[in-house]
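Encoded as C-alpha cells, the structure appears first; notes follow it.
The values are calculated or read from the model by the stated rules, or taken from the named source; none is laboratory data. Since the model is a prediction, treat every value here as computed from it, not as a measurement. Positions of Cβ are generated from backbone atoms using ideal geometry, with glycine treated the same way; all protein chains shown enter the neighbour counts. Ligands, DNA and RNA are stripped out before the accessible areas are found, and what is left, the full protein with its side chains, is counted by its heavy atoms. Shrake-Rupley method; radii C 1.70, N 1.55, O 1.52, S 1.80 Å.
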Amino acid sequence: MSKLVLNPGKERSLLRRHPWVFAGSVARLEGRARPGDTVEVVADDGRPLGRAAWSPESQIRARMWTFAPDVSIDHVFFKRRIAESVARRATHPLLANESGVRLIHGESDGLPGVIADRFGDVVVVQLTSAGAEKWRDAIVAGLVQATGCKAVYERSDSDVRKLEGLGPQTGCVYGELPQEALTIVENGVRMEVDVVAGHKTGFYLDQRDNRRLTGLLAAGRSVLNCFCYTGGFSLQALAGGATSVLSIDSSGPALEVARRNVACNPQLDAERAEWMEADVFAALRTLKAEARTFDLIVLDPPKFAPSAAHADRAARAYKDINLFGFRLLNPGGILMTYSCSGGIGLELFQKIVAGAASDSGVDARILHRLSAAADHPIGLAVPEGEYLKGLAVQVG
Ligand code: SAH
C-alpha cells in the first residue's frame, strides 16, 4: 500500500479524528496510487495514523476510512460500517415510526462521501468522493444486506463530485424501482418521494424534526411556508390544525408533487392550502404591499453560501428574507428560519436574524434552537457550519 506522508505537525487534526487531509498537509506520496485507492497515512516521523482514500484532484487529498493503523479496507469493512450505521437508526426512538430515514451520513458515520437514505423499500445512495466511488459495489452490497431493501437507486449527481474529478452517475444499481409513485409516512403524513427527479436524494429528511415542531405549533395559526418544495412543512402545518397555509416555491414540478401530497392525505383539508409558484424574494414584497400577515412563517431556503467565500452575499440574502419574515408576522407570531449554508455558522446566522428583527422593529425571543435531524449525528470533527441550523423566534 502506498504511504501518504504528512508535513510536520499536520498529524494533529487527525489525532483529534478530523477525517480530512488537505493538500497543504501532504509532504509526499510514497508509491503510486490511483484516485480512490487506499493509502497508509503517516506522520512526518513515520507514526501510523490510519488509512484513507486518495483523491489527487481534490483539495481534500485524502479522507480517512479508519484511524486504526491495522484495519483492512475491503468488502468486510464496508459491510460492518454500514451494518453499524443502520443499527444506530434502528433503535432510535424518534425514528420508530418513520419510513424515511437517513441511514448513512458521510463522515459522521465513518463513511466519507457516502450518503444513504431509506424511503420504504428503496434506498437512495449518493457517492461524492473518489474513495466512495471506488467502493460502490461493496457499499451497495452492504446496504442491501443491512436493510433487506428491494432496490438501491444511485443519485450521484451532486456538483461536489466535480471537485473530486468525478462525473455524474444515476440509475438503479440493485433491484428495480416500484412502478407506482414511492411514498413515505412522515410524522403521520404521507409524502411522495421522487427519487429519480427530485432534489438531492428526493426528499429533505434533515428537516423532519423541525417539520414536526411546525405541526405542533400550527394549531389555530395562519401559516406562510417559503421555499416549500413538495410541501413538507405545509402538510405538517395542515395536520397540526393551521387555519390556512400559503406555500411558495419557484419550482412548478415540486408544487405539483405538493398538491398530490395533500390529495393523498384525506385527513387534511385541501381548502386551507394555497400554492404559489413565485420567487420568494419578490413574493414577500408583494405580500407586504398587500398588507397580508401570518401567525407562523417558515423560511427554509436553499444553500445561499456553499462556502465561506460566499458568506457576505449570502448574509444579505438571509437578512432580506428574515426582515420580510418579521414584517409579515402578527403580534405573538413565530418565525421558523433556517440555513444549510456551510459558509454561515450558527453564531453568524443568529446575528443575521437578530439584525433583521431589530431592523423590523419587533421584540423577538428565541423559542427553540433547531439543528439537523436526529439521524444526522453531528460528526465531532466536521465543521458545524456544514449542518442545517435554525431558530424558532417568537415576536412580542
Ligand atoms: N422546506 C422544504 C425544502 C426546501 S429546499 C422541505 O421541507 O422539503 C429549497 C426549495 O427552494 C426548493 O424547492 C427550490 O425549488 C426553492 N427555491 C430556490 N430558490 C427559490 C426562490 N428564489 N424562490 C422560491 N423558491 C426557491
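In table form, for the structure just shown:
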item: Residue-span extension gain [Ala87 to Leu177] - 0.36 nm each, minus C-alpha spacing; result: 30.0 nm
item: Shape call, region 285-371: gyration tensor on alpha carbons, a/c limit 1.5; result: prolate
item: With every protein chain in place, region 255-396: carbon and sulfur % of accessible area (1.4 Å); result: 51 percent
item: Fraction of accessible area attributable to carbon and sulfur, region 137-236 (%, probe 1.4 Å); result: 51 percent
item: Low-density loop cleavage sites - GluC sites (Glu not before Pro) in region 263-368, where at most 11 other Cβ are within 10 Å (DSSP); result: Glu290
item: Per residue, in Å², the accessible surface of region 266-396 once ligands and nucleic acids are set aside, probe 1.4 Å; result: 47 Å²
item: DSSP bridge orientation in the chain - percent antiparallel, rounded to nearest 5; result: 65 percent
item: Bridge type composition, region 118-217 - antiparallel percent by DSSP, nearest 5; result: 75 percent
item: Neighbour cut-off at most 16 other Cβ (10 Å), DSSP loop, GluC sites (Glu not before Pro), region 143-192; result: Glu176, Glu180
item: Mean Cα-pair separation over length for the chain, i.e. relative contact order, pairs under 8 Å, 6 or more apart, %; result: 11 percent
item: Among Leu287, Leu335, Leu49: highest mean-square fluctuation, GNM of the chain, C-alpha pairs under 10 Å; result: Leu287
item: D (Stokes-Einstein, µm²/s), Kirkwood Cα radius, region 187-334, 1.306 mPa s at 10 °C; result: 102 µm²/s
item: Label-reachable residues, region 85-100, where backbone N falls under 19 Å from a point 7 Å from Val185's Cα toward its Cβ; result: 90-100
item: Whichever lysines have a C-alpha closer than 27 Å to that of Lys200, once near sequence neighbours (fewer than 8 apart) are set aside; result: Lys79, Lys134, Lys150, Lys162, Lys303, Lys319, Lys389
item: Segment Asp312-Ser250, extension gain: residue separation times 0.36 nm, minus the distance between their alpha carbons; result: 20.0 nm
item: Rounded accessible area per residue of region 126-208, 1.4 Å, Å²; result: 44 Å²
